[in-house]
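The values are calculated or read from the model by the stated rules, or taken from the named source; none is laboratory data. Worth saying up front: this structure is predicted, and the values here are computed from it rather than measured. Reconstructed Cβ throughout: ideal geometry from the backbone, glycine too, with neighbour counts over all protein chains shown.
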Amino acid sequence: MTQQAPMTEDPALLAEFEARIARGESIEPKDWMPERYRRQLVRMMSQHAHSEIVGMLPEGNWITRAPSLRRKLSLLAKVQDEAGHGLYIYCGTETLGVDRQQLLQELLSGKAKYASIFNYPTLTWADVGVIGWFVDGAAIVNQTALAKHCSYGPYKRAMVRVCKEENFHKKQGFESVAALAQGTPAQRAMVQDAVDRWWWPTLMMFGPHDSESSNSEELMRWGVKKYSNDELRQRFVNLTIPQAQAVGLTIPDPALRFDAESGNWQFGAIDWDEFWAVVKGDGPCNRERVAARRQAHEDGEWVRAAATAHAEKKAGRGASRAA
Ligand code: FAQ
């Protein structure tokens, strides 16, 4: 999505818009907004929607291999929830005047970004629990801030429901992790291995360091983001370390230590080269993920054609009844 177009806004309208943000008012679809604000929201919300949809794939990989009916049911429900979140956020994006087909094309062509985390493989059943615990846990930290503070009304309201569901996901993930952590030595080794592989990519989900975050200043000024990437990352680490300790799992970071003065868990250096490689398309599963979405889109062609034919038939009947 292009962000570079020159934009000159009416200074009086811009001042009134910024005053509304300062008063904590919600901006609604028909309200005046700077073009740059609209574009930033389309960028962020469409990336978010794509993340929910692509995010179905790593865990979806395990639905047929869940170890019990109970685990299968909760995983099915979770993956279905993520589809709902994606559709919900695409609807939110449409309130900004952007066509969903265009956004989907950008995803299918490989042009659109989505969360880096979903380009990692799910190698064992333990990965499913750890994704619920870490990835949904990270999503909750990020999205609760949006649900409470985001200045764009439709996005903020969407996040309220999404966060409630993500909370269920996190609980089912942590419960599964706790069961494995108390299981046989092989189960404990499996879940520790999953923690080792998912920890650092989860920290990367929060985006680059604040000093490298090109969008944060604008998003924070306009009340979309309340907290910076590093602030939210720190909050996630502080919340998660005691949980790992409670179930006897080790976080793969030798530099981790509690700083009593700040109350923060200090952590080691993130591998930003890995992050940018994944964001630019060179992660372990980027090609596989986009190929799976393309295949799903092609497989769904008959459904779209049938729905269109049905709508046309209904419209035709309506027209002949009205005549
Ligand atoms: N992956 O300037 P910033 C979930 C890009 S949903 C890929 O700091 P910003 C649910 C960024 O787009 C997870 N790209 O960007 C679930 C920008 O590039 P651009 C998704 C990333 O917007 C759970 C450039 O780097 N959540 O997990 C990433 O201020 C389990 C510079 O970055 C959301 O989308 C990344 N991790 O901050 C589903 C929440 N980070 O566009 C299934 C809403 C950054 O200028 C299973 N979004 N980039 O070309 C946000 O809060 C923000 O957009 C951030 C990024 C924090 C993601």
Note to self: Residues to consider are GLY268, GLY223, GLY263, GLY207; find the one that is more than 20 Å from the chain's Cα centre (by Cα) and on the phi > 0 side of the Ramachandran plot.
What the structure shows: GLY263
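Suppose we keep only residues that are among the polar types (S, T, N, Q) and more than 9 Å from the ligand (Cβ to nearest atom) within region 225-248. Which one would you say is farthest from TRP276 (Cα to Cα)?
Only one residue fits best here, namely GLN245.
Would it be correct to say that PRO58 is within 30 Å of ALA179 (Cα to Cα) and either touching a residue at least 24 places away in the same chain (Cβ under 8 Å) or not in a helix (DSSP H, G or I) (or both)?
In short, yes.
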Item checked: Given (1) assigned to a helix (DSSP H, G or I); (2) in contact (Cβ under 8 Å) with a residue 40 or more places away in the chain, index of the condition TYR227 fails -> (1)
Next item on the list: Please go through region 38-55 and pick out each residue that is surrounded by fewer than 22 Cβ atoms within 10 Å (Cβ to Cβ) and more than 9 Å from the ligand (Cβ to nearest atom).
Entry: ARG38, ARG39, VAL42
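Any chance region 165-174 includes a residue that's among the small types (Gly, Ala, Ser), within 11 Å of the ligand (Cβ to nearest atom) and either part of a loop (DSSP other than H, G, I, E, B) or without any contact (Cβ under 8 Å) to a residue 12 or more places away in the chain (or both)?
Step one: list which residues in region 165-174 are among the small types (Gly, Ala, Ser), which gives 173.
Still in the list and also within 11 Å of the ligand (Cβ to nearest atom): 173.
Cutting the leftovers down to either part of a loop (DSSP other than H, G, I, E, B) or without any contact (Cβ under 8 Å) to a residue 12 or more places away in the chain (or both) gives us none.
Checked against the condition, which is being among the small types (Gly, Ala, Ser), within 11 Å of the ligand (Cβ to nearest atom) and either part of a loop (DSSP other than H, G, I, E, B) or without any contact (Cβ under 8 Å) to a residue 12 or more places away in the chain (or both), region 165-174 yields no hits at all.
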Notebook entry, point to check: Of everything in region 1-32 that's charged (D, E, K, R) and surrounded by fewer than 14 Cβ atoms within 10 Å (Cβ to Cβ), which residue is modelled with the lowest pLDDT?
Noted result: ASP10
Check: Which one of these does LEU107 not meet: (1) in contact (Cβ under 8 Å) with a residue 24 or more places away in the chain; (2) within 10 Å of the ligand (Cβ to nearest atom); (3) in a helix (DSSP H, G or I)?
Finding: (2)
Next item on the list: Identify all residues within region 36-86 that are more than 21 Å from CYS163 (Cα to Cα) and among the hydroxyl-bearing types (Ser, Thr, Tyr); write none if there are none.
Entry: TYR37, THR64, SER68
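How many residues are touching a residue at least 40 places away in the same chain (Cβ under 8 Å) and part of a helix (DSSP H, G or I) when one looks only at region 64-76? Give the derivation first.
So in region 64-76, the residues touching a residue at least 40 places away in the same chain (Cβ under 8 Å) come out as 65-67, 71, 74-75.
With part of a helix (DSSP H, G or I) added as a condition, the list becomes 65, 71, 74-75.
Residues that pass the stated criteria total 4.
Among ALA292, ALA305, which is under 24 Å from LEU123 (Cβ atoms) and in a helix (DSSP H, G or I)? Lay out the reasoning, then the answer.
Working: ALA305 fails: under 24 Å from LEU123 (Cβ atoms).
Only one candidate passes the filter, namely ALA292.
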Item checked: Filter result (buried (at least 24 other Cβ atoms within 10 Å of the Cβ) and farther than 26 Å from SER68 by Cα) within region 116-140 -> ASN119, ALA138, ALA139
Item checked: Of the criteria (1) without any contact (Cβ under 8 Å) to a residue 24 or more places away in the chain; (2) in contact with a Phe, Trp or Tyr (Cβ under 6 Å, 6 or more places away or on another chain); (3) over 26 Å from SER216 (Cα atoms), which one ARG100 fails -> (3)
Next item on the list: Examine region 213-224 for a residue that is part of a helix (DSSP H, G or I) and away from the ligand (no atom under 13 Å from the Cβ), and state whether such a residue exists.
Entry: no
Checklist line | The lone exception for ALA19 - which of (1) free of Cβ contacts under 8 Å to residues at least 40 places away in the same chain; (2) among the aliphatic types (A, V, I, L, M); (3) more than 15 Å from the ligand (Cβ to nearest atom); (4) within 21 Å of HIS169 (Cα to Cα) it fails | finding: (4)
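Rundown of residues vs (1) away from the ligand (no atom under 16 Å from the Cβ); (2) among the hydroxyl-bearing types (Ser, Thr, Tyr); (3) out of contact with any strand residue (DSSP E or B) (no Cβ under 9 Å at 6 or more places or on another chain), yes/no style:
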position: TRP62; (1), (2), (3): no, no, yes
position: ARG70; (1), (2), (3): yes, no, yes
position: GLN80; (1), (2), (3): no, no, yes
position: TYR88; (1), (2), (3): no, yes, yes
position: GLY92; (1), (2), (3): no, no, no
position: GLY97; (1), (2), (3): yes, no, yes
